[in-house]
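Step one of this worksheet: look at the structure below.
Derivation of every value follows stated rules applied to the coordinates shown; laboratory data play no part. Source: prediction; values computed, not measured. With ideal geometry, Cβ positions are generated from the backbone for all residues, glycine too; neighbour counts draw on all protein chains shown.
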Amino acid sequence: MNEPGSPLMNGLGLQEIVSTDPAGRAVLRFEVRPQHCHAVAQGGYVTAWIDAAMARSVAAATEGQLGCSTLEIKVAFYEPVQPDQIVTAEGWVVRKGRSTVFLEGELRNDSGDVMAKGTSTAKLASSSIPGP
């Protein structure tokens with residue numbers, strides 16, 4: 001489950017949910033831990049951090065009534081993510097239909113540099129994730 005304190009979010013290094021906005025935005029902060037890295041953070045973790053923010057944006061947009069399951073995701077990696085730093089993932093709803101949602105997100109370092117960007121298509125589903 002995409003909840004603070006859950007085994008999944010603990011494993012991803014979630015530090016805090018910085019903000020959620022009913023307009024369909026969410027900002028999460030993660031700690032890049034040594035287990036996330038070879039020399040730099042493995043791309044699957046980078047993708048998961050962005051995906052978690054995009055999923056949280058759906059919950060924010062639907063006041064926690066809907067969550068989503070990723071159907072397709074694409075991530076472009078711009079800069080290597082270094083270990084032992086804090087990164088911020090932001091996700092937002094681009095368009096929401098009756099059963100499908102289109103999402104975008106990005107990962108930034110503490111200096112505000114964009115490290116990676118992602119887009120996703122997801123299927124909407126009932127959720128127990130709290131909204132804003």
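By other beta-carbon atoms within 10 Å, ranking Y45, Y78 with the fewest at the front produces Y78, Y45. Counted residue by residue at 0.36 nm each, then reduced by the alpha carbon distance between them, the extension gain from Q85 to K117 reaches 9.7 nm.
Rounded to the nearest 20 debye, the dipole magnitude of the chain is 480 debye, with +1 charges on Lys and Arg beta carbons, -1 on Asp and Glu beta carbons, and the Cα centre as origin.
Think of it as helices only: each DSSP H run of n ≥ 4 in the chain is worth -39500 (n - 2.57), and spread over all residues that comes to -6000 deg cm²/dmol at 222 nm. In a DSSP loop and with at most 10 other Cβ atoms within 10 Å, the trypsin sites (Lys or Arg not before Pro) in the range 32-132 are R98. Put in order of Cβ neighbour count within 10 Å, fewest first, the listed residues D84, D21 become D84, D21. Loop-located GluC sites (Glu not before Pro) in the range 7-73 (DSSP state other than H, G, I, E, B) with a sparse environment of at most 15 neighbouring Cβ atoms within 10 Å: E63. Ranking of V32, V58 by neighbouring Cβ atoms within 10 Å, starting from the fewest: V32, V58. Close amide H partners of M115, meaning residues 5 or more places away or on another chain with modelled amide H under 5 Å apart, are L107, R108, N109. Mind checking which of Q82, Q65, Q35 has the largest fluctuation in a GNM of the chain, springs on alpha carbons under 10 Å? Among Q82, Q65, Q35, the largest mean-square fluctuation in the Gaussian network model of the chain belongs to Q35. Suppose we look only past 20 Å in the calculated P(r) of the chain. What percent of the Cα-Cα pairs does that tail hold? That fraction is 37 percent. If the viscosity is 1.567 mPa s and the temperature 4 °C, what Stokes-Einstein diffusion coefficient in µm²/s follows for the range 71-132 when Rh is the Kirkwood radius over Cα pairs? For these conditions, the coefficient is 98 µm²/s.
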